[in-house]
Structures are given as C-alpha cells and as structure tokens.
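What follows is a single structure, written as structure tokens, with notes after it.
The values are calculated or read from the model by the stated rules, or taken from the named source; none is laboratory data. This structure is a prediction, so every number in the text was calculated from the model and none was measured. Cβ: placed from backbone, ideal geometry, glycine included. Neighbour counts: every protein chain shown.
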Amino acid sequence: MAKPRVVILGGGFGGMAAAKALGKDADITVVDRHNFQTFLPLLYQVSTAGLAADHVAYPIRGALRSFNGQFRMGSPISLDHKNRTVKLDSSEVLPFDHLIVALGSVTADFGTPGVDEYALGMKSIHEALMIRADVMRRFEDLCRFEDDTRFGIAVVGGGPTGVEMAGALAELVRGPLMNDQKHAAKHIDISLLEAGPRLLPMFSPSLSEKTKVSLEKLGVRVLVNTAVKEVAPRKLLLRDGSTLASEVTVWAAGVKGSPALERLSLPLDGTRLKVAPTLEVENYPNIWGIGDLAGAKSKDGRFLPMVAPVAMQQGRFIAAQILRRAKGAELKEFHYKDKGSMATIGRHKAVVEVKKIRFSGYPAWATWLFLHLFYLMGGRNRIGTIADWLWNYFTFDRGNRHIMDSM
C-alpha cells in the first residue's frame, strides 16, 4: 500500500509533533516561512538578554532527517480543494492526500489603537531581538543623564508570558544593568498591566497572589483591573482616563489565529479554523487543523488554550487519525489531557499547578527548568542553554546584552 502524502503547513510545536509521529509511515512535506522551529516558551529570555537567539531555534530539516521528511520554505497562498493541491508563494504546487494546517498564531491587539505601530509582540525571534535592542538602546540613552530622567517599560498582559517577561526584565535591571551603570538602572520603571482582577487567571487565586507579591518584591509595579485604551508614542492611555509613561511597550495580552489562514478558503470559527471533534476541518475530508488556529473545544464549549501542550497532543493525535483512515478504521474524537500550568517569575521563583497540586518557590522553579530543557529541541541548544543559565546564575550577569537589530 502506497504511503499517504501529507503536507504540513507550519513547523511549530503541532506541525513537528505530527511529522515526528507519522515518521516513515507517510511521505511528509513540512512548509514554513522560516527554516527553523522557534521554542516560544523561552523567547522572553532572548528579549531580556538571558539566552542567545540561536539557542531557541532548531533547523526543521535537521528534525526531519531521521525519516526522510521534506521541507519547503514559504507560505501558502491558495488551496485547490478539488485537486488536493496547495500553492506556495514560491509558485510551487504541492499535491497531498492529507493536509495538516498548523500555521500558529499572531499577536492579537483586540482592536486597541496603536498596538501595531508602538508596541512589540512576543511571537518571533525577530520581535525578541527588537525588544532587547530597544531596552538596551534606551538604557544607553539614560546613561548620558545624571538627573532624574526616567525610562518606563510596560508589559501588557498578566498571563504566563507577561509575568515571565516582567520578572525577567526586573532581574535584568537589578543585576547586570545595575552593575553596568547604577544611576541609570535606578531610573528604570517596569510595569505589568492586566485588564482582569488578578494575574495568571488560569491558576488558583493563591498562586496568583504569590506571583503578584514576588513581582512587586522585584520592583515591578503590578496594575490589575487596568485596561489599555490606546498605545501612543512613549505612553499608554488607560481606560480610566489616566496615562502611563512607557518608552518600550511589550504586548503580551493575547494571540489569534494566523491571518494566512484566510487565503485557504476554509471555514472559520472566529479567527480559528472550524474543526470537528476529530480535528478534521468541517466538510473537508482529509484536511486537519491543529494548534493555536484550530477551533477545537473542551467539554464546556470553550476553545482550548493556545499553548504548546495542546498543539503537541493534537499533532500526535492527527498522525494516528491519518493512519486510522489509511486502514479504514473509525476516527476518534480528540480530548485534551491538561497536564498543568507553570510560570517562572525570577530566580528561585515560579508557580506550578497540576490539578489540585500547587506549589511555588524553588521546587517550582527547578521543575520549570527541567521541563523546558526536556522539550527544547537539539543537543546543541540544550548545552548552550544550560551554559547560559549557569553563567547567569553564578555571576548574576547576562552576557547577551547586545544591540543587534537592523539599526
């Protein structure tokens, strides 16, 4: 029996999990606009000089080599449902028996004016390097002053990404930048804004409160019940009519399905792909949706969270679905197994919640370190990350404070 031809649009967590699970049972072609997979959970450490950018990137071709998978760098521009082909922006046309749509997500501005123009997202290595460069460039500007001129950094969004970003920025300021130029570092203000009543709303209230207290001890100004009305040059306009000075604004308030999805003429559920419980796109046999853009729902009717564990479980599940269909077996329905949530706040500080098991502090921090190293792709990346972490830990320094954007 001929192997099914599987084209996977997207080389993120979900797409690569599906490719790996299918292995040599299918002829696989992965399409992505980058030739590497980005380990998004550690991207904030690139932004705050804790890690080198190449430690969170792994070449897709290297990951596919073990089962002779193919790779094409590009983006889909059209889909021919009848003839089962997808056209790329390189003009190449790829035939398929099964199409897995795993295009991921982009920053969601929720209609807030000024986000695209004056804020920086946290969805790519390029954005991470821009944040690092902006912070370091403003710090260098501040070093020229001996007065009370202040420099504000605002992180918008009190979820795990926002919390980790704010904590890492605070440690960057309290450690390396304080050693570089104490007067300038003392004049940097870091604020974390959350529109809801507490940080980390997916965690228990007790862990949310511990997170808030830990951030405040690091010098972060935590503002809950604080919604942003508009992002303006060098400031934020808040819904209550007040303003907040912000030279650098990091937007971590949420994500939405990739706009590239609109080119494929597939049914949508909001900004997500409309899928059946089997993860097959409704009314389109052998086209599957996984990850952040898939509109899969839990038992309570809510969309599943846009996080890596969901994408990886769906990737492995769809690989099994494709093999079931090849054998003529009945498809199954996807059920997400929530293995818990975690967020790191800073040195020796993290929170972990697995069902009714909740803990924080050093044990949670150690758990966070281990799991992130475990899922990081590539031995070279793991060794480089360990080396950076050990250097940061024992020297209280961060050696990646380079301004390396395009300017």
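Go over the candidates Glu353, Glu333 one by one and state the one that is loosely packed, with under 15 Cβ neighbours inside 10 Å and touching a Leu at 6+ places or on another chain (Cβ under 9 Å).
Working: Glu353 fails: loosely packed, with under 15 Cβ neighbours inside 10 Å.
Only one candidate passes the filter, namely Glu333.
Basic (Lys, Arg), out of contact with any strand residue (DSSP E or B) (no Cβ under 6 Å at 6 or more places or on another chain), under 27 Å from Lys210 (Cβ atoms) and in a loop (DSSP other than H, G, I, E, B), is that true of Lys299? Break it down into steps so the answer makes sense when it comes.
On the way: basic (Lys, Arg): yes; out of contact with any strand residue (DSSP E or B) (no Cβ under 6 Å at 6 or more places or on another chain): yes; under 27 Å from Lys210 (Cβ atoms): no; in a loop (DSSP other than H, G, I, E, B): yes.
No, not satisfied.
Pull up segment 132-163, narrow it to residues that are assigned to a helix (DSSP H, G or I) and aliphatic (A, V, I, L, M), then point me to the one that is nearest to Ile403 (Cα to Cα). Break it down stepwise before answering.
The initial filter retains those residues of segment 132-163 that are assigned to a helix (DSSP H, G or I), namely 132-142, 160-163.
So of that shortlist, the ones also aliphatic (A, V, I, L, M) come out as 133, 135-136, 142, 163.
Working: Ala133: 5, Val135: 9, Met136: 7, Leu142: 15, Val163: 24 Å.
The residue in question is Ala133.
Consider Thr278 against the criteria (1) assigned to a loop (DSSP other than H, G, I, E, B); (2) closer than 18 Å to Glu117 by Cα; (3) polar (S, T, N, Q): it satisfies all of them except one. Which criterion is unmet?
For Thr278, the exception is condition (2).
Consider segment 111-126. How many of its residues are of a type in the set (A, V, I, L, M, F, W, C), within 16 Å of the chain's Cα centre (by Cα) and in a helix (DSSP H, G or I)? Working first, answer last.
From segment 111-126, those of a type in the set (A, V, I, L, M, F, W, C) are 115, 119-120, 122, 125; that's our starting set.
Subsequent filtering for residues that are within 16 Å of the chain's Cα centre (by Cα) retains 120, 122, 125.
Still in the list and also in a helix (DSSP H, G or I): 125.
Qualifying residue count for the region: 1.
Consider only pairs whose beta carbons are under 8 Å apart and that are at least six residues apart or on different chains; among these, list those whose first residue lies in segment 102-117 and is within 22 Å of Val31 (Cβ to Cβ) and touching a residue at least 24 places away in the same chain (Cβ under 8 Å) and whose second residue is hydroxyl-bearing (Ser, Thr, Tyr) and in a loop (DSSP other than H, G, I, E, B).
So the pair list comes out as Leu103/Ser258; Gly104/Ser258; Ser105/Ser258; Val106/Ser258.
Checking the condition under 18 Å from the mean Cα position of the chain (by Cα), without any contact (Cβ under 8 Å) to a residue 60 or more places away in the chain and assigned to a helix (DSSP H, G or I), which residue from Ala166, Ala184 passes?
Details: Ala184 fails: under 18 Å from the mean Cα position of the chain (by Cα).
Exactly one residue qualifies, and that residue is Ala166.
Could we say that Asp109 is surrounded by fewer than 22 Cβ atoms within 10 Å (Cβ to Cβ), over 30 Å from Ala294 (Cβ atoms) and in contact with a strand residue (DSSP E or B) (Cβ under 8 Å, 6 or more places away or on another chain) here? Give the steps one after another, and end with the answer.
Details: surrounded by fewer than 22 Cβ atoms within 10 Å (Cβ to Cβ): yes; over 30 Å from Ala294 (Cβ atoms): no; in contact with a strand residue (DSSP E or B) (Cβ under 8 Å, 6 or more places away or on another chain): yes.
Judged against the criteria, Asp109 is not a match.
Kindly indicate whether Phe370 is in a helix (DSSP H, G or I) and over 22 Å from Pro59 (Cα atoms). Before the answer, list the steps.
On the way: in a helix (DSSP H, G or I): yes; over 22 Å from Pro59 (Cα atoms): yes.
Judged against the criteria, Phe370 is a match.
Would you check if there is a residue in segment 277-284 being at pLDDT 95 or above, surrounded by 14 or more Cβ atoms within 10 Å (Cβ to Cβ) and under 23 Å from the mean Cα position of the chain (by Cα)?
yes
Please tell me if Lys274 is free of Cβ contacts under 8 Å to residues at least 24 places away in the same chain and touching a Leu at 6+ places or on another chain (Cβ under 8 Å). Working first, answer last.
Numbers: free of Cβ contacts under 8 Å to residues at least 24 places away in the same chain: yes; touching a Leu at 6+ places or on another chain (Cβ under 8 Å): yes.
Judged against the criteria, Lys274 is a match.
Which condition number does Asp97 fail, the rest of (1) farther than 24 Å from Lys235 by Cα; (2) modelled with pLDDT under 95 being met?
Checking Asp97 against (1) farther than 24 Å from Lys235 by Cα; (2) modelled with pLDDT under 95, the one that fails is (2).
Does Arg358 meet the test of being more than 20 Å from Met312 (Cβ to Cβ), surrounded by 14 or more Cβ atoms within 10 Å (Cβ to Cβ), modelled with pLDDT under 90 and not assigned by TED's automatic domain parsing to the domain that holds Asn286? Steps first, please.
Details: more than 20 Å from Met312 (Cβ to Cβ): yes; surrounded by 14 or more Cβ atoms within 10 Å (Cβ to Cβ): yes; modelled with pLDDT under 90: no; not assigned by TED's automatic domain parsing to the domain that holds Asn286: yes.
It is false that Arg358 is more than 20 Å from Met312 (Cβ to Cβ), surrounded by 14 or more Cβ atoms within 10 Å (Cβ to Cβ), modelled with pLDDT under 90 and not assigned by TED's automatic domain parsing to the domain that holds Asn286.
A quick yes/no check of all residues on (1) assigned to a strand (DSSP E or B); (2) of a type outside the set (S, T, N, Q); (3) touching a residue at least 12 places away in the same chain (Cβ under 8 Å):
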| position | (1), (2), (3) |
| --- | --- |
| Tyr58 | yes, yes, yes |
| Gly62 | no, yes, yes |
| Ile77 | yes, yes, yes |
| Lys82 | no, yes, no |
| Ser90 | no, no, yes |
| Ile100 | yes, yes, yes |
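Condition check ((1) free of Cβ contacts under 8 Å to residues at least 12 places away in the same chain; (2) under 19 Å from Phe317 (Cβ atoms); (3) in a loop (DSSP other than H, G, I, E, B)) across all residues:
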| site | (1), (2), (3) |
| --- | --- |
| Met16 | no, yes, no |
| Ala19 | no, yes, no |
| Val30 | no, yes, no |
| His34 | no, no, yes |
| Gly50 | no, no, yes |
| His55 | no, no, no |
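Filter segment 200-226 down to the residues that are assigned to a loop (DSSP other than H, G, I, E, B), without any contact (Cβ under 8 Å) to a residue 40 or more places away in the chain and surrounded by 16 or more Cβ atoms within 10 Å (Cβ to Cβ) and list them by number. If you could, list the steps in order and put the result at the bottom.
As a first pass, look at segment 200-226 and keep what is assigned to a loop (DSSP other than H, G, I, E, B): 200-204, 218-219, 224-226.
Filter again for without any contact (Cβ under 8 Å) to a residue 40 or more places away in the chain, leaving 225-226.
Thr226, the sole residue that qualifies.
Where residues in segment 302-325 are part of a loop (DSSP other than H, G, I, E, B) and among the hydrophobic types (A, V, I, L, M, F, W, C), which of them is surrounded by the most Cβ atoms within 10 Å (Cβ to Cβ)?
Here is the first cut: in segment 302-325, the residues part of a loop (DSSP other than H, G, I, E, B) are 302, 304-307.
If we keep only those that are among the hydrophobic types (A, V, I, L, M, F, W, C) as well, we get 304, 306-307.
Values: Leu304: 21, Met306: 19, Val307: 19.
Per the stated criteria, the residue is Leu304.
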